[in-house]
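What follows is a short report on a single structure.
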Amino acid sequence: MVEAVTGNRLAGKVAIVTGAASGFGAGIARRFAAEGARVLVADLNDIAGRVVAEALPGALHQRCDVADGSQVQALVDRAVADLGGLDILVNNAGVPQRNMPMLDVDEATFDRIFAVNVKSLYLTARSAVPVMRARGGGVIINTASTAAVRPRPGLTWYNGSKGAVVTLTKSMAVELAPDNIRVCALNPVAGETAMLATFMGGEMTDEIRQRFLSTIPLGRFSQPEDMAAAALFLASDEANFLTGVCLEVDGGRCV
């Protein structure tokens, strides 16, 4: 377990974190705020998002469907108008796929997975990159998955969406490097979040839990604090020579 600490590694920075009402996103938002960033907490869950934002110094919340271009633009406009700009964008919002045979996934579910997990990167880039360019640079961090690196049966379309995130991260990194905009990704192993049971097929028995844990050399699921620590490093000036990096936060799962 990573112990949260406070500091000033992001002092003066403005960050948007999507999917920040719970799980990894909430952990990242809290850590960024603790390190001095002004955070715009974005999530479809209005109530939970407000709870997270109200507990953080200088933070704001805005409801946002990241698959909707007008809502994404409004989100970036809010960061500029009310927080003074945009330095860090964390594309953390995502939807899971219930573990099932690939042909059993209906078209609406497929479309939603790719709209939220993939199209959102296009929409946020379209709105955020011009702001970062005008500011002289920035950092974009995308949440991918170990599913992009070691895909497993039963999650085929989800695996594909996260594979797209990895490829897009690397391509964005190369194209945006002349603008001093770094783009990296995080590949977490399954975490202790609300999505866990979905990935396991809709249930979480002790047997299923132990079987999955046995595939993680360090012997535990990921925690929001693990993702927050990795995101903080990539967003900070300590990582100013890193771009296109897809960092596995997985306890050795992908070894």
Evaluate the relative contact order of region 127-189 (contact order divided by residue number), counting alpha-carbon pairs under 8 angstrom at least 6 apart; express in whole percent.
48 percent
Between beta-carbons, use under 12 Å as the cut-off and find the net charge around residue 37, counting Lys and Arg +1, Asp and Glu -1.
+3
Region 117-150 and region 1-60 have their Cα centres apart by a whole-number Å value of 17 Å
Treating only the Cβ atoms of Lys and Arg (+1) and Asp and Glu (-1) as charged, compute the dipole magnitude of the chain about its Cα centre; round to the nearest 20 debye.
380 debye
Estimated FRET transfer efficiency (residue 54, residue 108; beta-carbon r; R0 35 Å; 0.05):
0.55
Identify, among 25, 105, 148, the residue whose Cα sits farthest towards the positive end of the charge dipole of the chain, taking +1 on the Cβ of Lys and Arg and -1 on the Cβ of Asp and Glu, with the dipole about the Cα centre.
148
Working from Cα positions, state the angle (0 to 90°, nearest 10) between the long axis of helix 69-78 and the longest principal axis of the chain.
50 degrees
Helix-derived mean residue ellipticity, 222 nm - over the chain, DSSP H n ≥ 4, -39500 (n - 2.57), to 500
-12000 deg cm²/dmol
Angle check, please: helix 120-135 long axis (alpha carbons) against the longest principal axis of the chain (alpha carbons), in degrees 0 to 90, nearest 10.
20 degrees
With a cut-off of 8 Å between alpha carbons and a minimum separation of six or more residues, what is the relative contact order of the chain in percent?
21 percent
Let me spell out the model: positive unit charges on the Cβ of Lys and Arg, negative unit charges on the Cβ of Asp and Glu, origin at the Cα centre of region 103-255. What dipole size does that give, in debye rounded to 20?
380 debye
Computed over the chain: longest principal axis from alpha-carbon atoms vs helix 23-34 long axis, angle to nearest 10 degrees, is 30 degrees
Once the dipole of region 14-249 is set up from charges on Cβ (+1 Lys and Arg, -1 Asp and Glu), the residue from the list 173, 117, 84 lying farthest towards its positive end is 173
Residues listed by number, region 124-159, amide nitrogen under 20 Å from residue 81 label point at 7 Å toward C-beta
124-132, 134-135
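Since every read-out is calculated from the coordinates, none of them should be taken as a lab result. What you are looking at is a predicted structure, and each value in this text was computed from that prediction instead of being measured. Here Cβ is always computed from backbone atoms with ideal geometry, including for glycine, and neighbour counts include all displayed protein chains.
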